[in-house]
Amino acid sequence: MDIVLQQVLNAISLGGIYALLALGLAVVFSIVGLINFAHGELMTVAGYALFLGVLFAVPLPLALALAVAAAAGAAVLTERLAFRPMRRADATALLLTSFAVSAILRVLFQNGISARPKPVPLPPALSGTVDLGPVHLGAVPLASILVTLVSLILLTLFLKRTTMGRAMRAAAEDFQVLRLMGIRANRVVAVAFALSGALAGVSALLWVAQRGSVDPLMGFIPVLKAFVAAVIGGLGSLPGAVAGGFVLGITEVLFQAFLPEAALPFRDAFVLSVVIAILIWRPDGLIPAKSARRS
Amino acid sequence: MLTVTDLSVRYGQIEAVRGLGLSVAKGSVTVLLGSNGAGKSSTLNAIAGLAAPRGRIEFEGSRIDGQAPEDIVRKGIALCPEGRRVFPSLSVAENLHLGGAVHATGDELAARIEAELARFPILRERYHQKAGLLSGGEQQMLAIARALMSAPRLLLLDEPSLGLAPKVVDQVFDLILTLRDQGITILLVEQNAERALEIADRGYVLQSGDLVLSGTGEELAQSDLIRQAYLAG
Ligand SMILES: Nc1ncnc2c1ncn2[C@@H]1O[C@H](COP(=O)(O)OP(=O)(O)O)[C@@H](O)[C@H]1O
Ligand SMILES: [Mg+2]
């Protein structure tokens, strides 16, 4: 009973991380038409910020907040320095720009900090289990699910209730008309990047909490997965990103838990077969985006 | 109020508008006629800042050509674009809210929304529905109401009657006259030349990017060119 429940929790918590990452990709893609491959490096920025915070004994809540802020700030900075000058370029040029940004940041981490993983010790409260009567569940997956849930609720409130949130949804549908309303394109794009960075930052905290260390490449694999999740969900669709993230995370954990021992090395092949099956069934993704007119 | 001098609009090799001059008098309805691809939308888009213009565009005495659409709407010019282009997955309420968000806040914003709902009662009924679920006529009303949320002094309307049922077309033309009576100057692009010229103080006719005719509404309605091209007889 414990084990099944624990696997279910693991599945949901991993799915949540993918969902947040995929959302970050989707927010930017839906508005600027850019698949930001530097998204993983934003995670890494948050990871190192957390590492430094812990190193200098910054109180944990503050260190967490600073880490998320660092990723958001880095996202805005990359937009300002790298992507804004390319605003009028086509999708391929934007994609190449994001590869370049990603490579530059990686080199900075490797040479500026260290190529080797740096440990980020967890607070004791997170390392144990939570006991619910006879059931013992890992604290990290539980906290992770909680954080994902709160993030999704806050994001939804922002998108539905605030002018900027509405403007971002509108920008994904028709950016030109949004500008006709007087809403500044540059500001909407900057907020989209900030939001995307913050989502990468939160995902990074959850990722680091599971692993206990940061390294220059830590963002690569999860963001690759998040990209797959965003495609399964429907590229550029925010609800799709969430759905795709959970489907992917849950599929991975289920195969991990229930594949026979001999088949485990091929887990990713099984997962990708499911991905392909989904895309054959729904070529535009689970919840396709309505339109993606570019600015 | 609006003076356009020697306006050209290019998209790469295509020259959509060539050396156009036109002026719109305060409080008037001015129409821009022409067949498909004549350059009407390009002209309106250039005035609103969506298309990069060459030439001079003066509004209330100061130049606005080359400015961003975000700035031009703040000067008092609103464009209701061709094809309505409401935000389909946003509700009617959200569409209206975005239309006015940078021009008014708080009570003033609420008052403007209330004024548009009073002007278009159908939008009050559909207030919480997604704009994409509205009928074509309702979407057109929403698009106009959304443009009015910035309280423009000059309203640019790009083919507002396109694809609408005859009854709704009547409503649109009545509305244009009402707006004019309320002091909003109108620059109207229309395919429906007969109806447009009935309400026009002045008209301009474009043909493949060139201005070929201009005059008062009556003069144009009597002209051979218009009679042959649009009025069938
Ligand atoms: N964004 C654009 N890119 C390239 N060509 C365009 C664009 N918009 C319009 N055109 C071309 O410019 C010409 C005039 O178009 P338009 O101004 O839309 O005419 P109208 O509104 O009178 O039908 C057409 O030949 C059209 O194909
Ligand atoms: Mg047109």
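The values are calculated or read from the model by the stated rules, or taken from the named source; none is laboratory data. Predicted, not measured: the structure shown is a model, and the values here were computed from it. Cβ coordinates were reconstructed from backbone atoms using ideal geometry, including for glycine residues, and neighbour counts include every protein chain displayed.
Scanning segment B:66-95 for residues that are more than 9 Å from every other protein chain (Cβ to nearest Cβ) and in contact (Cβ under 8 Å) with a residue 24 or more places away in the chain gives B:GLY76, B:ILE77, B:GLU82, B:GLY83, B:ARG84, B:SER91, B:VAL92, B:ALA93.
Which ones in segment B:102-134 are modelled with pLDDT of 95 or more and hydroxyl-bearing (Ser, Thr, Tyr)? Across segment B:102-134, the qualifying residue is only B:TYR127. Here A:ALA100 meets each of (1) loosely packed, with under 15 Cβ neighbours inside 10 Å; (2) within 20 Å of A:ALA49 (Cβ to Cβ); (3) in contact (Cβ under 8 Å) with a residue 12 or more places away in the chain; (4) aliphatic (A, V, I, L, M) with one exception, condition (2).
Out of all the residues in segment B:168-201, which are more than 16 Å from ligand 1 (Cβ to nearest atom), buried (at least 19 other Cβ atoms within 10 Å of the Cβ) and within 26 Å of B:GLY19 (Cβ to Cβ)? The answer is B:THR185, B:ILE186, B:LEU197, B:ALA200.
Somewhere in segment A:224-237, is a residue within 14 Å of chain B (Cβ to nearest Cβ), in contact with a Ser or Thr (Cβ under 7 Å, 6 or more places away or on another chain) and buried (at least 17 other Cβ atoms within 10 Å of the Cβ)? Yes, segment A:224-237 contains a residue that is within 14 Å of chain B (Cβ to nearest Cβ), in contact with a Ser or Thr (Cβ under 7 Å, 6 or more places away or on another chain) and buried (at least 17 other Cβ atoms within 10 Å of the Cβ). Within segment B:103-150, being under 23 Å from A:ALA171 (Cβ atoms) and surrounded by fewer than 18 Cβ atoms within 10 Å (Cβ to Cβ) holds for B:ALA104, B:THR105, B:TYR127, B:HIS128, B:GLN129, B:LYS130, B:GLY132, B:LEU133. The residues on offer are B:LEU98, B:LEU20, B:LEU32, and the sole one that is part of a helix (DSSP H, G or I), crowded, with 21+ Cβ neighbours inside 10 Å and of a type outside the set (Ser, Thr, Tyr) is B:LEU98. No other residue among B:THR43, B:THR5, B:THR105 is among the hydroxyl-bearing types (Ser, Thr, Tyr), within 14 Å of ligand 1 (Cβ to nearest atom) and either away from chain A (no Cβ under 14 Å) or under 24 Å from B:LEU142 (Cβ atoms) (or both) apart from B:THR43.
Of the residues making up segment B:8-17, not one is buried (at least 18 other Cβ atoms within 10 Å of the Cβ) and within 14 Å of another protein chain (Cβ to nearest Cβ). When you look at B:LEU22, is it within 18 Å of B:GLN207 (Cβ to Cβ), within 14 Å of another protein chain (Cβ to nearest Cβ), under 17 Å from the mean Cα position of the chain (by Cα) and not hydroxyl-bearing (Ser, Thr, Tyr), yes or no? Considered against the rule, which asks whether it is within 18 Å of B:GLN207 (Cβ to Cβ), within 14 Å of another protein chain (Cβ to nearest Cβ), under 17 Å from the mean Cα position of the chain (by Cα) and not hydroxyl-bearing (Ser, Thr, Tyr), B:LEU22 comes out as no. Only one entry in A:GLY197, A:GLY245, A:GLY249 is touching a residue at least 40 places away in the same chain (Cβ under 8 Å), farther than 30 Å from B:GLY76 by Cβ and out of contact with any Phe, Trp or Tyr (no Cβ under 8 Å at 6 or more places or on another chain), namely A:GLY197.
Checked against the criterion of being within 14 Å of chain B (Cβ to nearest Cβ) and at negative phi, segment A:202-213 contains not a single residue that satisfies it. Looking for something surrounded by 22 or more Cβ atoms within 10 Å (Cβ to Cβ) and closer than 30 Å to A:LEU81 by Cβ - is there at least one such residue anywhere in segment A:247-255? Checking segment A:247-255: not a single residue is surrounded by 22 or more Cβ atoms within 10 Å (Cβ to Cβ) and closer than 30 Å to A:LEU81 by Cβ.
Candidates in segment B:54-81 are the residues that are within 17 Å of B:VAL17 (Cβ to Cβ) and within 16 Å of ligand 2 (Cβ to nearest atom); of these, the one that is surrounded by the fewest Cβ atoms within 10 Å (Cβ to Cβ) is B:PRO81. Exactly one residue out of A:ARG106, A:ARG84 is of a type outside the set (A, V, I, L, M), more than 20 Å from the chain's Cα centre (by Cα) and surrounded by 14 or more Cβ atoms within 10 Å (Cβ to Cβ): that is A:ARG84.
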